[in-house]
1. If you count, for each residue, the other Cβ atoms within 10 Å and average over each peptide, how do 144-153, 128-137 line up from highest to lowest?
2. For labels at Q69 and T119 in the simple 7 Å Cα→Cβ model, what's the distance in nm?
3. If I model segment 34-147 as equal point scatterers sitting on the Cα atoms and use the Debye formula, what is log10 I(q)/I(0) at q = 0.12, 0.14 Å⁻¹?
4. Over segment 51-144, with the other protein chains present, what is the accessible area per residue in square angstrom, probe 1.4 angstrom?
5. Give me the extension gain from C62 to T188: residue separation times 0.36 nm, minus the current Cα-Cα distance, reported in nm with one decimal.
6. For the cross-link pairs K21/K165; K21/K45; K12/K136; K116/K163; K15/K160, which exceed 22 Å when the distance is taken from alpha carbon to alpha carbon?
7. Taking 0.36 nm per residue of separation and subtracting the Cα-Cα distance, what length does fully extending E28 through E110 add?
8. So what J values fall out for segment 182-187 if you push phi through Karplus, 6.51 cos²θ - 1.76 cosθ + 1.60 with θ = phi - 60°, rounded to Hz, Gly and Pro as x?
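The values are calculated or read from the model by the stated rules, or taken from the named source; none is laboratory data. No experiment lies behind these values; they were computed from the predicted model shown. Glycine gets a Cβ as well: all are built from the backbone with ideal geometry, and neighbour counts include every protein chain shown. Protein only, heavy atoms only, side chains kept; ligands, DNA and RNA dropped before computing areas. Shrake-Rupley method; radii C 1.70, N 1.55, O 1.52, S 1.80 Å.
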Amino acid sequence: MEYIAPIFDSAKEAKDFPVVKIDSFHWEKEGYSRPESYAALFAVKDEGLHALLWSFEDNIRCECTENYQPVYTDSCLEFFVMPVEGDKRYLNIEVNKNGIYLAQLGEIRENRVFVKDLTNLEPTVIPMEIEDENGKAWGCEIILTEEFISALYGTDYTVKPCKIKGNFYKCADDSVTPHYGAYFPVTTAALGFHNPDCFGTIIIGKV
């Protein structure tokens, strides 16, 4: 199982990129829900990575009001990624409906470090709303610029064809209808989504 993320010359030209459904739900109990949720990823030459996530969710919880608060307790969309080949540290970005986010870096679930403590640069997070025949969805666009990835990982990162690892998630720990959805299936509940062994292959390729 893999995801192919095309490379475009500009964000305006980005279209027909693969959209996947976040439909592998885990650790379910009575009262849990399965909101219809989607994700997509593409790269822009000389700019960076763009992740799009959205959910047709009922009972939206949105209590966190400042970045780096525990937004996973809210209705949350998440993108975990190892953007640099050969570096096992992964970036987790977790976003609520208002675009409030938590961003951390590390190799495992424990001892993760806030991005704000590693660089003065931040990911760009843009809230968005979608309406189609399925109803109204809330979502976000997450932009990881080449400059941001370079500063965070201490390397000269550029968009180019490569194979990396990552996953897309939907959760809501403290919602009245909790849920834990992933694109690439996850195994142990002890690690939760912080399980890089379960990350899928993401191919950054040419259009």
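1. Details: 144-153: 19.3, 128-137: 11.0.
With the highest mean Cβ count within 10 Å placed first, the list reads 144-153, 128-137.
2. Calculated label separation equals 2.6 nm.
3. For the requested q values the scattering log ratios are -0.43, -0.58.
4. Ligands and nucleic acids excluded, the figure is 47 Å² per residue.
5. Separation in residues times 0.36 nm, less the Cα-Cα distance, equals 42.7 nm.
6. On the way: K21/K165 17 Å; K21/K45 26 Å; K12/K136 24 Å; K116/K163 27 Å; K15/K160 18 Å.
Check vs 22 Å cut-off fails for K21/K45; K12/K136; K116/K163.
7. Length difference between fully extended and current span is 27.2 nm.
8. For segment 182-187, the Karplus-derived couplings read 9, 7, 7, x, 10, 9 Hz, x marking Gly and Pro.
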